[in-house]
Every structure is written in structure tokens, then in C-alpha cells.
Amino acid sequence: MNLHEYQAKELLKKYNVPVQEGIPVDRADAAEEAYKNLKVQFGNNFAVVKAQIHAGGRGKGKIQGTEQRGVAVGKSAEEIKTIASNILGGTLVTIQTGAAGKVVNKVLVAQDVYYPGPNPVKEFYLSILLDRSKGQNVIMYSTEGGMDIEEVAHNTPDKIFKEWVHPSGGLQPFQARKIAFNLGLKGEAFKNCVKFVINLYNAYVGLDCAMLEINPLFKTADEKIIAVDCKMNLDDNALMRHPELEALRDISEEDPTEVEAGKYNLNFVKLDGNVGCMVNGAGLAMATMDMIKLSGGEPANFLDVGGTANATTVEAGFRIILKDPKVKAILINIFGGIVRCDRVAQGVIDAYKSIGNITVPIIVRLQGTNAEEAKKLIEESGLKVQSAILLSEAAALVNKAVA
Amino acid sequence: MSILVNKQSKILVQGFTGTEGTFHATQMIEYGTNVVGGVTPNKGGTLHLDRPVFNTVAEAVKETGANVSIIFVPPAFASDAIMEAANAGIELVVCITEGIPVQDMVKAKLYLQGTKTRLIGPNCPGVITAGECKVGIMPGFVFKKGKIGIVSKSGTLTYEASDQVAKAGLGVSTAVGIGGDPIIGTTTREALEMFMNDPETEGVVMIGEIGGGMEAEAARWYKENGKKPVVGFIAGQTAPPGRRMGHAGAIVGGAEDTAAAKMKIMQECGITVVSSPADIGVTMAKIIKK
């Protein structure tokens with residue numbers, strides 16, 4: 001589960017990780033208020049308005065139909081209010097959102113951290129994630145902050161450092177010191193960075209993050225180390241032990257059909273193609289998508305109905321897939337093991353009759369327990385449903401349907 | 001021969017008396033698997049499915065001599081169950097549970113280091129040696145006895161492959177579902193190595209999916225050590241980057257873990273890669289019969 005920047009920063013503060021302070025608001029006049037409060041608190045005329053969406057590239061992205069950037073600096077209450085009203089309710093298009101963009105419902109009015117001081121400011125990069133091959137968490141960091149880290153990794157791999165954390169003892173102080181040294185920090189900034197890294201790692205573990213990225217990690221002119229931006233992704237499997245984090249979920253950021261599928265415990269991912277599919281098992285579902293493509297179609301979705309495909313789940317699956325007007329055919333691919341194919345077939349027939357006006361061809365491939373009985377049931381139902389037993393037969397039927 | 005489990009294996013069911021445990025233990029017993037008992041804390045001393053229930057794995061091992069365990073414990077307690085089994089000296093632990101928090105598995109994986117315990121899974125269908133022993137949730141009848149080993153990250157795709165292999169006139173020695181989570185006990189390479197060393201296995205079907213580097217690791221090992229034909233398939237050729245496709249580990253993170261990248265590496269290492277899942281069985285038959 002992804003969090004917004006403002007949510008992630010609130011959580012980091014609970015772990016004593018210093019962040020760029022800010023106030024989230026959903027109205028332009030509230031943004032003006034927030035600016036005034038920040039000005040009193042920090043004595044700085046500058047402030048930043050940051051669009052809150054689940055995608056990166058906000059600073060370079062623009063609100064559709066305008067020149068307004070998703071992150072912009074202002075130096076008066078009036079200016080902040082104007083920027084906020086330009087952004088709020090608009091659709092922000094960034095390199096990560098795709099052409100459709102994302103509607104901005106909230107902005108974070110944040111303190112300006114580039115204030116002057118005795119020393120130069122500096123931007124770094126730091127993230128914590130799981131190294132799957134080692135089975136350990138790894139801290140990735142770089143002196144090249146504020147930019148696209150994948151580009152840095154590609155162009156100058158020697159500027160990316162990695163520090164693996166042993167699961168038994170956790171992050172050790174010497175490792176945090178090594179990170180601060182490698183970032184070239186000295187004196188107060190060095191001490192602050194060591195504390196920052198240790199507290200950030202505690203937050204990563206304590207919140208069960210799947211990924212935690214601070215970009216830029218920032219050294220201020222007065223030697224503070226703070227998180228200016230934060231991308232936090234939580235481990236969905238661990239949400240059961242963090243009910244308070246589950247409450248931070250922003251459904252408006254998710255595809256509405258995916259949200260609806262979730263209500264029926266269906267695992268659904270919306271894609272762009274013309275052949276819908278409904279499959280039991282994630283691996284077989286991906287394989288079915290691949291087969292649709294090889295048969296000349298394009299998969300319209302990923303849908304795993306799980307181990308207990310029945311009339312209710314099949315009907316919900318049908319209704320969700322049929323919402324997409326681009327769908328020209330639907331392939332149901334069930335390998336019956338514990339679940340009997342004839343029951344699934346009956347489920348398909350019942351769902352079909354219950355929905356009534358399905359105009360696209362339906363191809364049902366049922367294999368495994370009672371596959372022959374299932375085929376017979378479907379053929380005798382009188383419905384416009386084509387049935388197959390072998391995967392290759394189903395592929396041929398898909399090919400015919402999209403031709 | 002075969003690998004991992006056979007007629008001699010003595011199976012213990014952790015989470016024995018729960019709904020899932022009861023259902024699948026019954027199926028395993030019907031298949032002919034030697035289920036010697038189960039563990040459910042605070043139900044020790046009772047009988048379930050005509051077999052003794054114990055409070056702890058250690059006690060169950062002492063009383064029954066069990067050397068394999070299968071875990072049907074809810075996600076919040078599953079990593080603890082894995083460690084308990086390892087602590088009791090169980091040689092092979094098969095964890096079916098889906099949805100275990102990643103950080104729990106980081107700890108459990110470390111705990112297993114230096115023990116004699118091998119873990120299969122979590123989030124997997126289990127292991128089956130055709131006609132001898134089923135330690136998992138797969139439909140037993142699909143696995144006709146034969147000489148092809150199957151290693152797969154996916155459940156239903158394993159059944160699909162086994163069915164195709166049987167229809168092509170070959171059949172299965174052992175099928176191992178290694179699981180679709182980011183951290184799993186036994187890797188593709190380790191399963192492949194066991195099959196290479198098993199005299200009863202003449203060819204291997206290797207099924208992977210997007211995410212992680214296990215298939216590439218297995219392929220590189222195969223290039224140096226392979227002595228039997230391998231047919232490979234990678235699910236998720238059409239999966240968009242950055243999206244999780246059902247399995248917690250099935251997500252394209254970079255250029256290296258896409259289906260296309262994995263298929264290329266496998267091909268370069270001498271594995272016969274099929275792009276359609278419908279071609280797994282026929283392709284294996286062609287190679288074996290040559």
C-alpha cells in the first residue's frame with residue numbers, strides 16, 4: 001500500500017526522523033492559513049506547495065491544460081493561495097502518472113528548507129528496501145540526491161552505495177557512521193545523519209515498510225539532516241498488525257474497478273487490451289494473459305479468482321470485466337483441482353443468465369476434476385458460450401474471437 | 001528415488017485441527033501419504049482424523065519420528081511455526097500459508113541457516129512425489145507417475161504443466177511448488193540441482209514468473225552443471241511494470257526481472273524456453289523422444 005508524502009512524514013516524525021515540516025490542506029484559503037502559520041513558526045517568507053498524489057515526478061509535472069507545476073515555491077500568502085488554487089482539483093500529469101494524470105485532492109504547504117546559513121546546503125539520496133536474493137534489508141544511498149536514482153545507477157553506478165543489515169542484530173551504529181562518512185559529512189551534520197539513519201531504519205522495520213525512499217535527503221545550511229520528500233510503501237501482508245496504517249489508505253488513488261474487485265476478494269489489475277480473462281491462480285492468470293497476446297489479442301486485465309471459484313465470484317468477475325467497453329471477448333480459464341469443474345461451469349451458466357445481456361463471446365476452458373461433465377453442461381445450456389478443455393484449444397478460440 | 005519426499009516420509013501437520021489443515025490432511029491421507037499426527041497448541045492429547053494431536057512440534061517428533069512437516073497456520077503465526085519445526089529437527093518444512101509479512105520471513109530465513117532444515121514455500125502448493133507422497137494442496141490425480149521433474153513458483157500452473165506432461169505420455173517424478181513470495185526457503189536453482197542428481201528424473205520443467213532473480217540464477221547454474229533437458233516457461237510476459245500480479249513477489253522492479261530478460265538468459269544457458277504455456281508438455285515430449 002502506498003502512502004502520500006504528508007502521511008509518510010507524520011509517521012516518520014513519530015520515530016524522531018526530522019522532516020521538512022508542512023501542513024496538508026484541501027482548500028486554497030486553508031493553504032493561505034497554513035502559509036501564515038509556517039511563517040510564524042520558521043520566520044521565513046518562502047514556502048512550497050506540493051501536490052499530494054501517489055506518483056513521482058511532481059516537480060517537473062504540470063497540471064493539465066496549464067503551466068502550473070506540481071511543486072512550486074511562493075513567497076507571500078497571496079502567491080501560495082494562487083498556486084494552491086491552481087493545483088487543487090486539477091489533474092497532474094507526470095512522467096509516472098501516464099497521459100491520463102491524477103486528480104489532486106490535497107496539497108502539502110511546506111517550509112522552505114533552502115534558507116541561508118553558515119554552510120552550503122546539500123542533497124543526497126537514501127532508500128531502504130528488501131534485497132530478495134540475500135533475504136536481507138539493504139540501505140541504498142548516494143551523494144547524488146534530488147534526481148532520478150535509476151539514471152544515477154545506470155550512468156554512474158560507482159556513486160551508489162549499499163549497506164546490508166543483518167536480520168539478527170539490526171542496523172549497527174558503525175554502519176550508520178559509514179553511511180554518513182560516505183556522504184562526505186562532518187561535525188554536526190555527521191552526528192545528525194547517524195541519528196537520522198538509525199531512526200529511519202527503526203521506522204522502516206516498525207511500520208513494516210516494503211520500501212522507504214528519501215529523495216532528497218537534505219543537509220540544511222545550519223547542518224540539520226532532514227527528509228524533504230518521502231515515498232513510503234507498506235507491506236500489505238503486515239497491515240493486519242497495523243490497523244491504524246490501513247486507515248491511511250486513499251481509495252481515490254486506486255482504479256475504481258480494482259477497488260470493487262477487492263470487495264469480492266478478487267485479485268484484479270486493470271490493463272489496456274481487448275480480451276478479458278478470469279483465472280484461478282496468479283501464475284496461471286499471468287500465463288493466460290501471455291497466451292491471449294500470442295493468440296493475437298491483448299489482455300484487458302489480470303484476474304485471479306482464487307481457489308474457490310463459484311457462481312458469486314464468477315458473476316462479480318463478469319460484471320467487473322464487462323465494465324470495460326474495449327473488451328471484445330472473455331476467456332475463463334480454470335484448472336479444477338480441489339474445486340470441481342462442473343460446479344464452476346454451473347456458476348458460469350448461472351452468472352450468465354443472471355446478467356442477461358452479455359454480447360461479447362465467452363470462451364470457457366475448464367480442465368481437471370470433472371472437466372468432461374463441465375463441457376457437457378455448457379454445451380447443453382444453449383448459451384453462446386464456447387468451451388475448450390486443452391489450453392491450446394482455448395488459444396485457438398481466442399484467436400478466432402479477435403480476428 | 002524422486003526428490004524431497006517418498007513413501008518413507010513421515011508427515012506432521014502444523015495447524016492440524018483448523019479448517020484448512022483438516023481438509024487437506026484428509027486429502028493427503030486419501031492419497032496414501034503417511035500422516036503420523038499433527039500439532040495444535042492446547043489440543044495435545046486428543047485424536048484428530050484418527051491421528052494423535054500434540055501441543056508442540058518437539059513432542060510430536062519425539063513420539064512419532066516425523067521428519068517432514070506441512071504448515072497450515074494463519075499468516076501472523078506462520079513464521080513462528082517454521083522456526084518451531086526447525087528447532088525440533090524436522091528435515092523438510094513445507095509452508096502453504098499465503099500472506100506472511102516479509103520482515104517475518106527475513107527472520108525465519110536467518111533462523112534456518114545452519115540448521116539441517118530445508119524450507120519449501122511459503123505461499124506454495126507443496127511437494128508431491130507421484131503415486132507415493134503428497135505434502136501439499138494440489139489435486140493428486142493430475143500427477144501421473146513418470147520421469148519429469150517440475151519446479152514452479154505457481155500452483156495452478158504446476159497442475160497445468162503436470163497435466164500436459166501426462167497427456168504427452170511422460171508423467172511426473174516429483175513436482176515442487178517453491179512459492180510466489182519475495183523470500184522463500186528453496187530456490188529454483190536448488191530444486192533444479194536436486195532433480196539433476198535424481199536418477200529417476202530424466203527431464204525438468206522449470207516454471208518461473210516476473211520478479212526477482214531466481215530463474216536467472218538457476219539458468220546460470222544449469223549452463224555449468226546441467227546434464228538433463230530443461231523446458232522453461234516464464235509467466236508475466238504481458239504484465240505491466242511496477243504492478244503486483246497476485247503473488248507478493250510477482251512484480252517487475254527493473255530491466256533484469258522482466259519475463260523477456262529471464263527468457264533470454266535461460267535460452268542462452270541451454271534451456272528450451274516456450275513462450276506459450278500451452279506448449280510445455282509437447283515440447284518436453286519432443287526433446288525426450290529424440
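The values are calculated or read from the model by the stated rules, or taken from the named source; none is laboratory data. The structure displayed is predicted, hence computed values, not measured ones. Every residue, glycine among them, receives a Cβ derived from its backbone with ideal geometry; neighbour counts consider all protein chains shown. To get the accessible areas, we keep the full protein, side chains included, count just its heavy atoms, and leave off ligands, DNA and RNA. Shrake-Rupley method; radii C 1.70, N 1.55, O 1.52, S 1.80 Å.
Taken over the stretch A:21-59, the criterion of being closer than 24 Å to residue A:103 by Cα, assigned to a loop (DSSP other than H, G, I, E, B) and not aliphatic (A, V, I, L, M) is satisfied by A:21, A:26, A:27, A:52, A:54, A:56, A:57, A:58, A:59. In summary, residue B:97 fulfils each of the numbered conditions (1) under 15 Å from the mean Cα position of the chain (by Cα); (2) touching a residue at least 40 places away in the same chain (Cβ under 8 Å) with the single exception of condition (2). Considering only residues that are of a type outside the set (A, V, I, L, M, F, W, C) and either open to solvent by 10 Å² or more (accessible area, probe 1.4 Å) or assigned to a loop (DSSP other than H, G, I, E, B) (or both), which ones fall in the stretch B:193-210? If the condition is that a residue be of a type outside the set (A, V, I, L, M, F, W, C) and either open to solvent by 10 Å² or more (accessible area, probe 1.4 Å) or assigned to a loop (DSSP other than H, G, I, E, B) (or both), then B:193, B:197, B:198, B:199, B:200, B:201, B:202 are the ones that fit. Tell me the residue from B:55, B:42 that is touching a Pro at 6+ places or on another chain (Cβ under 6 Å) and closer than 15 Å to residue B:81 by Cα, please. That would be B:55, the only listed residue that is touching a Pro at 6+ places or on another chain (Cβ under 6 Å) and closer than 15 Å to residue B:81 by Cα.
A single entry from A:266, A:294, A:271, A:217 fulfils the requirement of being modelled with pLDDT of 95 or more and not β-branched (Val, Ile, Thr): A:217. Scan the stretch A:333-346 for residues that are β-branched (Val, Ile, Thr) and open to solvent by 60 Å² or more (accessible area, probe 1.4 Å) and the total you get is 1. Restricting the stretch B:100-117 to residues that are over 18 Å from residue B:68 (Cα atoms) and open to solvent by less than 50 Å² (accessible area, probe 1.4 Å) leaves a set whose member that is farthest from the chain's Cα centre (by Cα) is B:103.
Among the residues making up the stretch B:121-165, those that are part of a helix (DSSP H, G or I) and either surrounded by 22 or more Cβ atoms within 10 Å (Cβ to Cβ) or at pLDDT 95 or above (or both) are B:142, B:155, B:156, B:157, B:158, B:159, B:160, B:161, B:162, B:163, B:164, B:165. Within the stretch B:118-155, restricting attention to residues that are among the charged types (D, E, K, R) and either away from chain A (no Cβ under 14 Å) or over 26 Å from residue B:100 (Cβ atoms) (or both), the residue that is nearest to the chain's Cα centre (by Cα) is B:118. A count restricted to the stretch B:21-57 and to residues that are in a helix (DSSP H, G or I) and under 18 Å from the mean Cα position of the chain (by Cα) stands at 6. Restricting attention to the stretch A:276-329, the residues that are within 16 Å of residue A:258 (Cα to Cα), polar (S, T, N, Q) and within 13 Å of chain B (Cβ to nearest Cβ) add up to 1.
Every condition in (1) over 30 Å from the mean Cα position of the chain (by Cα); (2) on the phi > 0 side of the Ramachandran plot is met by residue A:65 except one, and the failing one is (1). Within the stretch B:72-91, if we keep just the residues that are under 15 Å from residue B:10 (Cα atoms) and of a type in the set (Gly, Ala, Ser), the residue that is nearest to the chain's Cα centre (by Cα) turns out to be B:85. Between A:349, A:330, the distinction of being open to solvent by less than 50 Å² (accessible area, probe 1.4 Å), within 28 Å of residue B:153 (Cα to Cα) and of a type in the set (A, V, I, L, M, F, W, C) belongs to A:330 only. For the stretch A:115-133, the count of residues that are crowded, with 17+ Cβ neighbours inside 10 Å, within 14 Å of chain B (Cβ to nearest Cβ) and out of contact with any strand residue (DSSP E or B) (no Cβ under 8 Å at 6 or more places or on another chain) is at least one.
For (1) modelled with pLDDT of 95 or more; (2) open to solvent by less than 40 Å² (accessible area, probe 1.4 Å), each residue gets a yes or a no:
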| residue | (1), (2) |
| --- | --- |
| A:25 | yes, yes |
| A:29 | yes, no |
| A:43 | no, no |
| A:80 | yes, yes |
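Would you confirm whether any residue within the stretch B:251-267 is closer than 28 Å to residue B:201 by Cα, β-branched (Val, Ile, Thr) and away from chain A (no Cβ under 14 Å)? Among the residues of the stretch B:251-267, at least one is closer than 28 Å to residue B:201 by Cα, β-branched (Val, Ile, Thr) and away from chain A (no Cβ under 14 Å), which makes the answer yes. When we screen B:246, B:242 for residues that are within 13 Å of another protein chain (Cβ to nearest Cβ), in contact (Cβ under 8 Å) with a residue 24 or more places away in the chain and assigned to a loop (DSSP other than H, G, I, E, B), the only hit is B:246.
Against the condition open to solvent by 40 Å² or more (accessible area, probe 1.4 Å) and outside any loop (DSSP other than H, G, I, E, B), how does residue B:84 come out, does it pass? So residue B:84 passes the test.
A count restricted to the stretch A:142-158 and to residues that are assigned to a loop (DSSP other than H, G, I, E, B) and either away from every other protein chain (no Cβ under 14 Å) or surrounded by fewer than 10 Cβ atoms within 10 Å (Cβ to Cβ) (or both) stands at 6. Among the residues that make up the stretch A:126-142, is at least one of them in contact with an Asp or Glu (Cβ under 9 Å, 6 or more places away or on another chain), in the same structural domain as residue A:197 (by TED's automatic domain parsing) and more than 30 Å from residue B:179 (Cβ to Cβ)? Within the stretch A:126-142, one or more residues are in contact with an Asp or Glu (Cβ under 9 Å, 6 or more places away or on another chain), in the same structural domain as residue A:197 (by TED's automatic domain parsing) and more than 30 Å from residue B:179 (Cβ to Cβ). For the stretch A:360-384, a residue qualifies if it is assigned to a helix (DSSP H, G or I), buried (at least 18 other Cβ atoms within 10 Å of the Cβ) and within 14 Å of another protein chain (Cβ to nearest Cβ), and exactly one does: A:371. Apart from one condition, residue A:161 fits all of (1) over 27 Å from the mean Cα position of the chain (by Cα); (2) surrounded by fewer than 19 Cβ atoms within 10 Å (Cβ to Cβ); (3) not basic (Lys, Arg); the exception is (1). Total residues in the stretch A:291-304 satisfying the condition of being aliphatic (A, V, I, L, M) and open to solvent by 10 Å² or more (accessible area, probe 1.4 Å): the figure is 1.
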